[in-house]
Amino acid sequence: MRLPVSRLNHLIELGVTETVPTDTLEGSKEIFVSKKKLHCAIYQRSQTQQYQLLGTKLEGTIVVAIRSQYHVDNQSLAKLDGEKKLYKIVAISRGESHSPIRYDLVTLKDIEKVGAGND
């Protein structure tokens with residue numbers, strides 16, 4: 001896949017959630033802790049691809065392209081462009097070309113319960 005550098009105009013934060021103590025009755029809450037920040041590009045699916053995903057577990061997901069050198073794993077969570085919304089990594093399609101600049105396609109699904117209310 002060829003991708004102009006100018007398309008890498010979004011920032012993705014990869015990290016984990018950690019439980020921290022609070023002074024409330026619950027005693028603790030989960031917060032997102034960023035481990036890596038990378039530039040990425042939003043990968044647009046064709047209309048046909050969108051229709052094929054209807055009714056599957058990949059419905060409602062988004063795909064971002066990142067440089068292959070940043071070894072991303074399925075255990076990470078992600079935030080895009082500093083938003084509060086958290087995403088779970090559903091799938092990673094590794095770049096297989098022999099080009100020195102390769103991109104991985106990372107499929108993200110919005111999660112609501114973990115990290116809700118984080119600042």
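The values are calculated or read from the model by the stated rules, or taken from the named source; none is laboratory data. These numbers were taken from a predicted model, which means no experiment stands behind them. Heads up, the Cβs are rebuilt from the backbone with ideal geometry, glycines too, and the neighbour counts pull from every protein chain shown. These area figures cover heavy atoms from the full protein model, side chains too; ligands, DNA and RNA do not enter into them. Shrake-Rupley method; radii C 1.70, N 1.55, O 1.52, S 1.80 Å.
State the percentage of accessible surface on the chain attributable to carbon and sulfur atoms; use a 1.4 Å probe and exclude ligands, DNA and RNA. Spell out each step's value before the answer.
Details: 4000 of 8000 Å².
Carbon and sulfur together cover 50 percent of it.
Counting heavy atoms of the protein chains only and a 1.4 Å probe, report the per residue accessible area for the chain as a whole number of Å². Spell out each step's value before the answer.
Details: 8000 Å² over 119 residues.
The answer is 67 Å² per residue.
Work out the length of the dipole vector of the chain about its Cα centre, built from +1 on the beta-carbon of each Lys and Arg and -1 on the beta-carbon of each Asp and Glu, and round it to the nearest 20 debye. Let's see the in-between values first.
On the way: 17 positive and 14 negative charges, 115 e Å.
Computed about the Cα centre, the dipole is about 560 debye.
Can you figure out the FRET efficiency of residue 59 with residue 9, using R₀ = 30 Å and their beta-carbon distance, to the nearest 0.05? Before the final figure, lay out each step's value.
Values: r = 26 Å, r/R0 = 0.87.
Working from the Cβ atoms, E equals 0.70.
What is the chain's relative contact order, in percent, from Cα pairs under 8 angstrom and six or more apart in sequence?
Details: 225 pairs, mean separation 32.3, N = 119.
Across the chain, relative contact order equals 27 percent.
Normalised by the number of residues in the range 1-58, what is the relative contact order in percent for Cα pairs under 8 Å and 6+ residues apart? The partial results should precede the final answer.
Details: 60 pairs, mean separation 20.4, N = 58.
Relative contact order comes out at 35 percent.
Among [x] 1.43; [y] 1.18; [z] 1.04, only one was calculated for this model; which label is it, if the read-out is Cα Rg over 2.2 N^0.38 Å?
The calculated read-out lines up with [y].
With every protein chain in place, what's the accessible area of residue 90 (1.4 Å probe, Å², nearest 10)?
40 Å²
From the phi of every residue in the range 91-101, what ³J(HN,Hα) in whole Hz does the Karplus formula 6.51 cos²θ - 1.76 cosθ + 1.60 yield, where θ is phi - 60° and glycine or proline is x?
8, 10, 9, 6, x, 10, 6, 9, 6, x, 10
Just going by the charge dipole of the chain, with Lys and Arg at +1 and Asp and Glu at -1 on Cβ, which of 47, 17, 98 is farthest out on the positive end?
My answer, from the dipole projection, is 98.
FRET efficiency for residue 71 and residue 47, Cβ-Cβ distance as r, R0 = 35 Å, nearest 0.05? Mind dumping the intermediate values first?
On the way: r = 32 Å, r/R0 = 0.93.
Here the calculated transfer efficiency is 0.60.
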